[in-house]
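Notes to accompany the following structure.
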Amino acid sequence: MPDRGGGPTGPRISVGRPSRRVRTLLMTLGVLAVLAMAFIMFAGFWTDWLWYRSVKYSSVFTTTLWTKIGLFLVFGLLMALAIGVNIWLAHRLRPPLSAMSLEQQSLDRYRMSVAPFKKWVLLAVTALVGLIAGASASGQWRTWLMYVNGVPFGTKDPQFQLDVAFYAFDLPFYRFLLGFGFAATVLSLIAAALTHYLYGGLRITSPGARATGAATGHLSVLLGIFVSLKAVAYWLDRYGLAVKSSDFKAAENWTGLRYVDANAYLPAKTILFCIAVICAVLFFATLWRRTWQLPVIGFGLMVLSAILIGGLYPAIVQKFQVQPNEQAKEAPFIQKNIDATRDAYDIDKAQMEDYSGQATTTDDAKLRAAANTAASYRVMDPNVVSPAFQQLQQRRNYYQFPKTLDVDRYKGEDGKEQDTIIGLRELNIQGLPKRNWINDHFTYTHGYGAIAARGTTTGKNPTGSPDFTESGLPSTGEFGEYEQRIYYGEKTEQYSIVGGPQKELDYEEDGEKTTSYKGDSGVSLSNTFNRAAYAVSFSEPQILYSGAIGEGSRILYNRTPKERVEAVAPWLTIDGDAYPAVVDGRIQWIVDAYTTTNGYPYASRTTLGDTTADSLTTNQRAVVAQQNQVNYIRNSVKATVDAYDGKVKLYEWDTKDPVLKTWRKAFPGTVEARSKIPQSLMDHLRYPQDLFKVQRELLTRYHVEDPAQFYSGSDAWQVPADPTTKESGSVPPYYLSMKMPGQDQQAFSLTTTFTPRGRPNLGAFMAVNADAASKDYGTMRLLRVTSTVKGPGQVQSELNGNDDVAEFVRNLKGTDSDIDYGNLLTVPLEGGFLYIEPVYTRGGNQNYPLLRKVAASFGSKIVFENNLGDALNAVFGVDGDTDPTPDPSEPPGDTTKPPATGTEALKKAIADAQKAYEDGETALKEQDWPAYGKAQDALQEALERAAKAQPTGGSEGEKADAPEQDGADPAQKPDEGDAAKKPEGEAAKPEDSGGDQGT
């Protein structure tokens, strides 16, 4: 027995033990590293599964996942099999060892070094190529699902008489298969050639035969397969001409066959197909002839034919047949393009009518009366007044409103629908008083309340501010009781953890209120595994060990409406403007979604991201993120996202859309039938802006249906630039309740203007019925202007040069204020066009816009007045009997009872005014804006009673009892500065003191 304390064996034992420990430790660390990497990879998959299960759309996740896995396995194995079989076959067909040339002797050491590992090398090469091919194929899951679930369009293309579904669903998959076949053949050819060269089947510098018979046969078969695929490509190219884009001066992004395609390229493709088939047969024949002479000749003939027949001949036809009489030659093909484009973009039913643009009557009183009911003139511009919402209704720095508010319809106190400006008070994480992980993700978790104002009137506190119908914190008003907490919104991009031990701040008003989330949204973090998965996915280790997470904790993420709808329906294209609505006691985000394809034959293509851009999308509104070109679009789905629990619902909208039917087959149960839309939601659905912008862009050319006129471009239009803003871009479409010619009642509409291409005058006016509850929803009417009428840019230029405007601007100088021009509304009126534009001021201490003036233009006359009623009176030269948009906030009063007069009434009014003034000062110090507003209303009312009650020649003592106002406008907040005051030296007018600027 060896001496363990010393001797020759002792040191070996003492060294061996730590060596085994090190190896064990290294192996353990290696296993842990592999497990950690596997868990990191698995965490993303697991959290995605948990999220889809939480929103009850797990079928979307599983269908997409299994489709991707299936494509990965099938095409990965096919590619690996193709490469592996050809390498194996080349190895089997290697020549026997014989006296080797110098070239082969130099390769001998490579063969010898590879020989022991050739099986592993083969497996590694095939596996790598298979993985790459499989990953590429899995990205074609949409193409596969559309192919296997395709539904006929019921419309055939005019050239080949095939259903449009062939081009939209089948042809893309055939092209994918063809591309995969080319890739597999080329890679197999390269792999086989290298193997033959390595084992002597091919020789480059050696004397004698360059290739063995076996190598010649093998490579010839592969070349024959390649040429066969080229023949298939020529045949598919024939159909591809129907969806091919080309440069054509008649239209940008022209799609479909032209004269040269039908008369030169189409027969050329057929001839080349036949030549390729013959060439392929010659390559296959080398299995017996063992020579490449004929195949090489055939291949050269095919290349030469491609140059002469496929390139030179069409160029000759275009030069000598088409160009001398292009309009006549192209006319039938232009007609096909016009018909297909109008159908693909759903503009074929647009009703075009001539409209003089000149008033049909000279009776000013009749015009003034007609103006009262022609439209609900929206003097509150949602693109301008957001800062007023922010200033008056934000309440806390950690709340915010969107820069561009939304327009919807709500019933007022009189039960009638009115255009309403609405925005949600969402959470602004950047405005927190203190930023840390707990505050960011546990304490401040949600916004609170919807704020709404009438679109056609203004408030009086201060004068020119929005006339709120829903305001305060919590919000109160015409919406009644509803769930006001906003956990899901356009600005809510960070994750929140709710429902656990940590309380959330609900809101701060008369003390801090806390809450704990009661919804079933989000993913539970009650178990450690889920917490670890999210800690890895979000790179936030505190999720794993934080004591603020416990029983009942749930994590909310993917919180914007756009993100949620895109996730549950990845086959939809989402509109850039989700908008909120209060429906059945809940705030619902309404999201318009589109089905698209770029495979509609003959329909010209457009790029959604470019077409939907306007002067507001630069930095205010998200635009459609789709940059791929499409040539078919339908608003096929209306989606809702609950602002409290994030529940997503998809409703079928276009019941005839074959693309939607295809996706519903692929993802059954995800889209509910149109009949399931509740009426309360239907009342708030509207025609989507992005679809309208795409359609109006196409209509700049495709309103013309005559091929000759289309070719000449003599009647082409353009969407004018927005003249009311410094931002570049086209004028945005406007939602407006208005009457089109021949209509008896106003309809909620989406409107736009056109100008002739290259000219500033008005070319056309378009409106679409945007009220989804109306039987005329989607009816599109185009008024083509037949006389010279000022366009929007010209009206704005005249307004800028108006003497009253110039004086108004001069008076603002020195007050540190600036002008904001609101939406320039265009309204058809008695054969002419009435332009209405609200004008706001902001600056100084008043850092939000207040409506100060309204401009109007009709015919050659333009006016600039204090309010809408005065503007209409001035532009028509007569006073209207009624205001076009009476202020619903004005109490009707008892018109039969004369106001109280006399000393007692005067003293009572003065006392009430004094009390209201003191209440207002107190509210101002506490920054209690609702209380301040009520106090200002009471002050205004008391002063009016005092003015009416004061006897003629009243005593100085009675006058002295009036409360001291320090010269301030009683309807103006004291901290609004000079921007809201009358310019120096200008006499005060009655309408400048408490008058409603919107009526």
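The values are calculated or read from the model by the stated rules, or taken from the named source; none is laboratory data. Note that this is a predicted model, so its numbers are computed, not measured. Ideal geometry is used to build each Cβ from the backbone, glycine not excepted, and the neighbour counts take in all protein chains shown.
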Reported set for the range 336-364 where residues are in a helix (DSSP H, G or I) and modelled with pLDDT of 90 or more is Lys336, Asn337, Ile338, Asp339, Ala340, Thr341, Arg342, Asp343, Ala344
Looking at the range 443-453, is at least one residue buried (at least 20 other Cβ atoms within 10 Å of the Cβ) and in a helix (DSSP H, G or I)? no
| When you look at Tyr234, is it touching a His at 6+ places or on another chain (Cβ under 8 Å) and among the aromatic types (Phe, Trp, Tyr), yes or no? | no
If we keep only residues of the range 404-432 that are of a type in the set (Lys, Arg) and either in the same structural domain as Ser615 (by TED's automatic domain parsing) or out of contact with any helix residue (DSSP H, G or I) (no Cβ under 9 Å at 6 or more places or on another chain) (or both), then the residue surrounded by the most Cβ atoms within 10 Å (Cβ to Cβ) is Arg409
In the set Lys434, Lys411, Lys416, the lone residue that is farther than 17 Å from Asp467 by Cβ and among the charged types (D, E, K, R) is Lys434
Out of (1) out of contact with any His (no Cβ under 8 Å at 6 or more places or on another chain); (2) part of a strand (DSSP E or B); (3) modelled with pLDDT under 95, the one Asp408 does not meet is (1)
Out of (1) aliphatic (A, V, I, L, M); (2) modelled with pLDDT under 95; (3) surrounded by 18 or more Cβ atoms within 10 Å (Cβ to Cβ), the one Ala622 does not meet is (3)
- Would a scan of the range 11-18 turn up a residue that is of a type in the set (Lys, Arg), at pLDDT below 85 and out of contact with any Leu (no Cβ under 9 Å at 6 or more places or on another chain)? yes
Is it the case that Ser730 is closer than 27 Å to Asn337 by Cα and surrounded by fewer than 17 Cβ atoms within 10 Å (Cβ to Cβ)? no
Restricted to the range 685-723 and to residues being assigned to a loop (DSSP other than H, G, I, E, B) and touching a Pro at 6+ places or on another chain (Cβ under 6 Å), the residue modelled with the lowest pLDDT is Pro723
> Does Gly472 satisfy being free of Cβ contacts under 8 Å to residues at least 40 places away in the same chain and more than 27 Å from Ile555 (Cα to Cα)?
Replying inline: no
Within the range 523-539, restricting to residues that are part of a helix (DSSP H, G or I) and free of Cβ contacts under 8 Å to residues at least 40 places away in the same chain, the one that is farthest from Ala666 (Cα to Cα) is Thr528
Being in a loop (DSSP other than H, G, I, E, B), closer than 30 Å to Glu865 by Cβ and among the charged types (D, E, K, R) is the requirement here; does Glu470 meet it? no
All conditions in (1) surrounded by fewer than 16 Cβ atoms within 10 Å (Cβ to Cβ); (2) assigned by TED's automatic domain parsing to the domain that holds Asp804; (3) at pLDDT below 75 are true of Ser860 except (3)
Within the range 540-598, of all residues that are part of a strand (DSSP E or B) and small (Gly, Ala, Ser), the one farthest from the chain's Cα centre (by Cα) is Ala581
- prompt: Does the range 642-663 contain at least one residue that is in contact (Cβ under 8 Å) with a residue 60 or more places away in the chain and under 24 Å from Asp419 (Cα atoms)?
  reply: yes
query: Being buried (at least 16 other Cβ atoms within 10 Å of the Cβ), touching a helix residue (DSSP H, G or I) at 6+ places or on another chain (Cβ under 8 Å) and more than 30 Å from Ser857 (Cα to Cα), is that true of even one residue in the range 354-362?
result: no
When the range 387-403 is checked residue by residue, the ones that are crowded, with 19+ Cβ neighbours inside 10 Å and either within 20 Å of Ile590 (Cα to Cα) or of a type in the set (A, V, I, L, M) (or both) are Ala388, Leu392, Gln400, Phe401, Pro402
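Condition check ((1) loosely packed, with under 15 Cβ neighbours inside 10 Å; (2) closer than 30 Å to Leu405 by Cβ; (3) among the hydroxyl-bearing types (Ser, Thr, Tyr)) across all residues:
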| site | (1), (2), (3) |
| --- | --- |
| Glu504 | no, yes, no |
| Tyr534 | no, no, yes |
| Ile543 | no, no, no |
| Ser546 | no, no, yes |
| Thr560 | no, yes, yes |
Within the range 411-437, restricting to residues that are touching a Lys or Arg at 6+ places or on another chain (Cβ under 8 Å) and assigned to a loop (DSSP other than H, G, I, E, B), the one that is modelled with the lowest pLDDT is Gly412
Scan the range 35-44 and give yes if some residue there is surrounded by 16 or more Cβ atoms within 10 Å (Cβ to Cβ) and either in the same structural domain as Ile555 (by TED's automatic domain parsing) or modelled with pLDDT of 85 or more (or both), otherwise no. yes
Evaluate the range 633-642: report whether one residue or more is in a loop (DSSP other than H, G, I, E, B) and surrounded by fewer than 23 Cβ atoms within 10 Å (Cβ to Cβ). no
